[in-house]
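Student: Before I ask anything, let me first share the structure, which is written out below as structure tokens.
The values are calculated or read from the model by the stated rules, or taken from the named source; none is laboratory data. As the structure is a computational prediction, the values presented were derived from the model and not from experiment. Virtual Cβ from ideal backbone geometry, glycine too; neighbours counted across all protein chains shown. Ligands, DNA and RNA are excluded from the accessible area calculation, which covers all protein heavy atoms including side chains. Shrake-Rupley method; radii C 1.70, N 1.55, O 1.52, S 1.80 Å.
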Amino acid sequence: MDVLLIVLSLFVFTVALAVFSNRTRARKEIPFELHPNCLLTRWPLLFVTGPRSFFYFDTYWNGYTSYLAEHGYEVFKLQLPWNKSEYRQKRFLEFLTQQESLGRKFHLFVDSPTYAEMETLLRTHKFSSIISLTEITAPDEDHFSNSLKALPFPFATVETVPSRHTSVLSRLTYGLHVASLTRFKLPSLSTLGACEDTALLNGRLLLERANTLAETDLRD
């Protein structure tokens, strides 16, 4: 009975910790000043959620999407199933096929594990709905491809700045997130924009990428 009580208590504590951590991170707002004269893209920016678990599920890209939206960009988020690659790929394919039939187009933004999951699909299908693909990564996190076949659309990486300071709560719950999804090479919290000391620096890198995409849209 004592063992059962301890196990139950640990379970309740872990659930409460995970929910509290996600809610705290989702509510966090970092003030910033707008950068003037941003050239806007013709096509919306679409951020795709990477692998998630109960320890990291809410507001996957943290403040990136709102940061870009505040600068005038049209930003959308595609919520894929949490961590079953088969379901994630199926939903991704369904979404792109649907958007293609509606004549909609996007600049895709993904993390490295999502790019690894979807690479074969992206290389073998010529989706007219994808204008470009951007991999948000870090120098030691990017997905290395062995494929000799080029992607049918422009591709680039944005290498984020690593963080030197992360809260104890975030480190704990994200460590549990990584431990629960060992089959993926998951990005760092800084790459996902969850660290206060690097969130705006990395957001600025994405803003520069958006400006580059806008220039390409204008030329096309």
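Student: Before anything else, pin down the relative contact order of segment 130-220: Cα pairs under 8 Å, at least 6 apart, normalised by residue count, whole percent.
Tutor: With pairs under 8 Å counted, the relative contact order is 30 percent.
Student: What is the sum of charges around V161, taking Lys and Arg as +1, Asp and Glu as -1, for the other residues whose C-beta is under 15 Å from the C-beta of V161?
Tutor: -4
Student: I need the helices of the chain that pass two filters: whole DSSP H segments spanning 27 Å or more by Cα along the axis, and mean Kyte-Doolittle score no lower than 1.0.
Tutor: Numbers: long enough: 2-27 (37 Å, 1.34); 199-219 (30 Å, -0.04).
Both cut-offs are met by 2-27.
Student: Taking only Cα atoms and a 10 Å spring cutoff, compute GNM fluctuations for the chain and point out the largest among P187, P81, P154.
Tutor: P154
Student: Before I look further, what does segment 34-166 give for accessible area per residue, probe 1.4 Å, in whole square angstrom?
Tutor: For segment 34-166, the per-residue accessible area is 50 Å².
Student: To continue, here is another question. Please name which of T59, T160, T14 has its Cα lying farthest along the dipole of the chain towards the positive end, using unit charges on Cβ (Lys, Arg +1; Asp, Glu -1) and the Cα centre as origin.
Tutor: Highest projection toward the positive end goes to T14.
Student: At R23 and E159, where each label point lies 7 Å from the Cα along Cα→Cβ, what is the point-to-point distance in nanometres?
Tutor: 4.0 nm
Student: What relative contact order, as a whole-number percentage, does the chain give when Cα pairs under 8 Å and 6 or more residues apart are counted?
Tutor: 25 percent
Student: Carbon-plus-sulfur fraction of the accessible area of the chain, 1.4 Å probe, in percent?
Tutor: Its accessible area is 59 percent carbon and sulfur atoms.
Student: I've got another one for you. Mind giving me the nanometre distance, one decimal, between the label points for D140 and R204, set 7 Å out from Cα along Cα→Cβ?
Tutor: The two pseudo-label positions are separated by 2.4 nm.
Student: Which label marks the calculated value of P(r) over Cα pairs in 10 Å bins from 0, in percent, given the options [x] 7, 28, 27, 21, 12, 3, 1, 1, 0; [y] 7, 21, 23, 17, 14, 10, 6, 2, 0; [z] 8, 32, 35, 18, 5, 2, 0, 0?
Tutor: Identified label for the calculated read-out: [z].
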